[in-house]
Structures are given as C-alpha cells and as structure tokens.
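Student: Below: one structure in structure tokens.
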Amino acid sequence: MNKIQKYAYKTMLAMKNPLESVDTVYPLAFEKISNESGYYFGVKNSLWLTDEMETKLNQCSYYLHTRDKSSLGGRAIDIDLKNPITGLAMTGSSSGTAINVFLGINDIGVGTDGGGSVLAPAISLNLFSLIDPALFREERKREKDKISTDGISFIPSIGLISKNLKLLQELYVNLRDLESSNLETKILVDDEKICNFLKDENVEVSSFEGKYDNERLALIETTKRLLEKYDIIVSKEGPVDLHGFGDTVFGHFDDKTKEIQVAAKKGFLRIANMANCFALTVPSGELSTAYVILCDTDNVSAIRKSFMIAESLYRENDELSERYFLNYKNYFMNGYSN
C-alpha cells in the first residue's frame, strides 16, 4: 500500500468513526498529502486551535484531519468511550485524541494536559506523548486559569501524542526550536532496570515512595525539590486505569473509592504540568505502562537528554496490536454504510 492509499484509508476510517472518538472530520486534509510529504493531526475538541498554531503545524507539514472527542468537563476518565485494548472506560481527558492516534487515523494528536490529560490517555494505549508548558507559550497566555477537581489552579499545557517517537521528537523540536546544549545532566530513576538501559550516565536510584497515593500538592512539592538536585526524573508508572479507576470525582467518596483511585497507578504524570515540567512518556512494553521522564521546562540540556533517554528505553511497538488495530480491512470488509 502506498502512502496516498494509506491516507485515503485514514480519512475513510475517521468518517466511519468505529469507536465514536471523532467529533469532526476534515476530509480536505487529504489534498495536502503526497507520497513525499504530509501528515495528519487531530486536535482535542476543547482545545482552542488558533490560526497561529495551525499555521505552525502546517509549516511542519501537519494538517488538521479531525477534532477529537474529550471527556466531559476534563474528567480523568471518559465514561463515554472505551479503551480499545481493555474494553474499560477510556482514560481522559484527551481520550478521543489518543484513540485516534492508536487507530492510525492521525499521525499526531494535539491535546491539553492540566493534571495528566495527555500523558495518561497515551500511556493507557502504549503511545508516546509529551507535554511542555513552553510549547505555544504565547497562545497559552490566552487561556484562563482552571481549577482541578482537587482544587488546584493551573493553566493547561499543550501536549503531543504519537505512535512514533521520531515523528514526535521532530515535530516538537521544530515547534519549540531548542538551542544546542551539551551540559552534563544528573538523573534520578525509581527502577534499577532503568540503569541497565542508561549505561555510562550519571544515574541514581530512589523508590519515589508515595508517588501514587500522595495528594497532588505534596507530590508537586516533592517534584520541585528533586529537580533542584537532579536535572531529570525517570519514573516507571502504570498500568494506568487497568486495576483501578483513576478519577478524583469517583475517588473522593470514601476510603474504598480512594483505594480504587490509587490503584489506577497515576504518579508524577498527574502533576507534571502543575510543577511546570516538560514530560515525555515512553511505553515500557507492558500494557498501559510507561517511563515518565520529567525535567524543568527551561532546562534545555535536560530536554535534549530526555529524548536520548527515550531512545535508550524504546521498545518496538507490539506487532499483534498493530496487525489487528491497523488493518483497515477489519473495518471495511463488510462494506460501509451510515
């Protein structure tokens, strides 16, 4: 299948919308695709995509293909959508954006993350993702402060989701325009096995106790304190929303619902934006589990090193999942009707 055929299928699949994850399709994006260049991006339906933002993405050869369903009111669980792998309620709030990347409808998903709304959905589907408070910084100034379900004021970061680490990195670097930097970085990790991947690096190990059950404010303070001593934190997190229901609306009722919320295994990912961090997630190979790489958004050396760490941690995409979910014949073998 050549690229033109592949992107025609992407648009047909978006219009079929098998998982109800698409709000709006822009089929004319197909006109921008050639065998040599052009990619599709989808955007969370609650994100105000300014003309300036779309122009910057177009200059990188990314074209708006879909507006994607998101959870009601930015909730951390989207009870209207199902996780395509587990059949459980989909992680939110950039839920449809993550699903549309997972299904191959879009190459990149653009969402917003206040308390894990990009990182968590991506991890739940074994996708790469990143957020950065400095990304589209001028456009973000137009956003009003929001209040999380646990009462913390924040401005959402713009985040990117992709199946492909190289595409994610290339687009991000073009959008942020990072200057060169080669300063040595100190890295703190919470899994001895990570050290095996990061050979010859300046790495220390810590257990990161409380990353799942500490309240957000306490974890924000812990993160800021650690980043005063270390340039990068690497935390293995998940499985996200597999054995629990990681949502404050659900978890606030009593001790039992809180226990189920904590069992959703959302750690530093839920405070990365609130702590003014750049965050990059790398699937570990286990279901709904990833390495969450954090550093200060102004630490350019650490951001560049984060991508090098990601390449060291990278594992090949799951062949069976790709063969099943990215086989367009599965969606059209019996024809298509509205």
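The values are calculated or read from the model by the stated rules, or taken from the named source; none is laboratory data. Keep in mind that what you see is a predicted model, and the values were worked out from it rather than measured. So basically every Cβ, Gly included, is an ideal-geometry build from the backbone, and we count neighbours across all protein chains shown. The area values use the complete protein model at the heavy-atom level, side chains included, leaving out ligands, DNA and RNA. Shrake-Rupley method; radii C 1.70, N 1.55, O 1.52, S 1.80 Å.
Student: Return the only residue of ILE99, ILE85 being open to solvent by 20 Å² or more (accessible area, probe 1.4 Å) and among the aliphatic types (A, V, I, L, M). Outline the logic, then answer.
Tutor: Working: ILE99 fails: open to solvent by 20 Å² or more (accessible area, probe 1.4 Å).
On inspection, the qualifying residue turns out to be ILE85.
Student: So is THR281 out of contact with any Ser or Thr (no Cβ under 8 Å at 6 or more places or on another chain) and at pLDDT 95 or above or not?
Tutor: Against the criterion (out of contact with any Ser or Thr (no Cβ under 8 Å at 6 or more places or on another chain) and at pLDDT 95 or above), THR281 does not qualify.
Residues checked against (1) among the hydroxyl-bearing types (Ser, Thr, Tyr); (2) at pLDDT 90 or above; (3) within 23 Å of PHE307 (Cα to Cα):
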{"position": "LEU183", "(1), (2), (3)": "no, no, yes"}
{"position": "LYS193", "(1), (2), (3)": "no, no, yes"}
{"position": "THR223", "(1), (2), (3)": "yes, yes, yes"}
{"position": "ASP231", "(1), (2), (3)": "no, yes, yes"}
{"position": "ASP241", "(1), (2), (3)": "no, yes, no"}
{"position": "PHE245", "(1), (2), (3)": "no, yes, no"}
{"position": "GLY251", "(1), (2), (3)": "no, yes, no"}
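Student: Out of region 187-242, which residues are of a type in the set (Val, Ile, Thr) and open to solvent by 30 Å² or more (accessible area, probe 1.4 Å)? Give the derivation first.
Tutor: Kept after step one, since they are of a type in the set (Val, Ile, Thr), are these residues of region 187-242: 187, 189, 194, 203, 205, 220, 222-223, 232-234, 240.
Selection gives VAL203, VAL205, THR222.
Student: Let me ask you something else. Could you list, in sequence order, all residues of region 34-81 that are among the hydroxyl-bearing types (Ser, Thr, Tyr) and farther than 17 Å from GLY109 by Cβ? Reasoning before the result, please.
Tutor: Residues of region 34-81 that are among the hydroxyl-bearing types (Ser, Thr, Tyr), as a first pass: 34, 37, 39-40, 46, 50, 55, 61-63, 66, 70-71.
Result: SER34, SER37, THR50, THR55.
Student: Could you list, in sequence order, the residues of region 20-37 that are open to solvent by less than 70 Å² (accessible area, probe 1.4 Å) and closer than 14 Å to ARG67 by Cα?
Tutor: Listed by number, the residues that qualify are SER21, VAL22, THR24, VAL25, PRO27, ALA29.
Student: Kindly indicate the residue of region 1-58 that is of a type in the set (Phe, Trp, Tyr) and in contact (Cβ under 8 Å) with a residue 60 or more places away in the chain and also nearest to ASP113 (Cα to Cα) among those meeting that condition.
Tutor: Taking region 1-58 as the starting set, the residues that turn out to be of a type in the set (Phe, Trp, Tyr) are 7, 9, 26, 30, 39-41, 48.
Still in the running and in contact (Cβ under 8 Å) with a residue 60 or more places away in the chain: 9, 39-41, 48.
Working: TYR9: 29, TYR39: 23, TYR40: 21, PHE41: 17, TRP48: 13 Å.
Residue satisfying both the conditions and the ranking: TRP48.
Residue-by-condition table, conditions (1) closer than 19 Å to GLY116 by Cα; (2) open to solvent by 10 Å² or more (accessible area, probe 1.4 Å); (3) in contact with a Gly (Cβ under 9 Å, 6 or more places away or on another chain):
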site: ARG270; (1), (2), (3): yes, yes, yes
site: LEU280; (1), (2), (3): yes, no, no
site: SER284; (1), (2), (3): yes, yes, yes
site: LEU287; (1), (2), (3): yes, yes, yes
site: ASN299; (1), (2), (3): no, yes, no
site: LYS305; (1), (2), (3): no, yes, no
site: ARG315; (1), (2), (3): no, yes, yes
site: LEU326; (1), (2), (3): no, yes, yes
site: SER337; (1), (2), (3): no, yes, no
